[in-house]
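Derivation of every value follows stated rules applied to the coordinates shown; laboratory data play no part. Everything numeric here is computed off the predicted structure, so don't read it as measured data. With ideal geometry, Cβ positions are generated from the backbone for all residues, glycine too; neighbour counts draw on all protein chains shown.
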Amino acid sequence: MTRRSPVFTRRALVGAAVTLAGMPRLAWAQKDTKMKIRIAFASHDFTATLYDNPSARDFASMLPLDLTIDDYATNEKIAYLPRKLAEEGSGPFPNEAPGDLCYYSPWGNLAFFYAGYRYSSGLIRLGRLDGGVEPLLTRGKFPLRIEHLT
């Protein structure tokens, strides 16, 4: 009985290379950092942890920010940034959940999700709220302050 060595097709090798090349970027894009931010509006004061991705780092470089937060749809609050963020490393992400802090690049706004949602093109996850979503349930338009947590 002779042993045959495994046969690797060009398609299999290229597919493996593409998969491996994309894996570090995907893992890195959702990695938690120690970067904590403080978010305050109305009578609410809470924190979030930013992910380690180019958009989140660009966002952090803009802090502190004084914006306006307002209701949008039935699942999120939004706030418009003074400029667009970096979009490198953006793309679909899994496990969308209430408590996600995202950036919607077509409109240039932050999206604070307090109910279920689905990924859509142009949405970049920046981080997660550290506590529950209860502060986001307060309806209305308010001044919003976002700063580094000291």
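Quick one: Karplus J couplings for region 35-46, per residue in order, coefficients 6.51, -1.76, 1.60, θ = phi - 60°, nearest Hz, x for Gly and Pro?
Running phi through 6.51 cos²θ - 1.76 cosθ + 1.60 with θ = phi - 60° gives 6, 9, 10, 9, 10, 9, 7, 6, 9, 9, 9, 9 Hz.
Students often check this: by mean Cβ neighbours within 10 Å, which of 103-111, 59-67 ranks highest, and how do the rest follow?
The peptides rank, most packed first, as 103-111, 59-67.
Name the residues whose placed amide hydrogens come within less than 5 Å of the amide hydrogen of Gly127, ignoring near sequence neighbours (fewer than 5 apart) on the same chain.
The answer is Tyr51, Leu101.
In region 26-124, which GluC sites (Glu not before Pro) are in a loop and have at most 13 other Cβ atoms within 10 Å, using DSSP for the loop call?
Glu88
State whether region 64-150 is rounded, prolate or oblate according to the following rule on the C-alpha gyration tensor (a ≥ b ≥ c being the square roots of its eigenvalues): a/c under 1.5 gives rounded; otherwise a/b larger than b/c gives prolate, and the remaining case gives oblate.
Rounded, because the longest to shortest axis ratio a/c is under 1.5.
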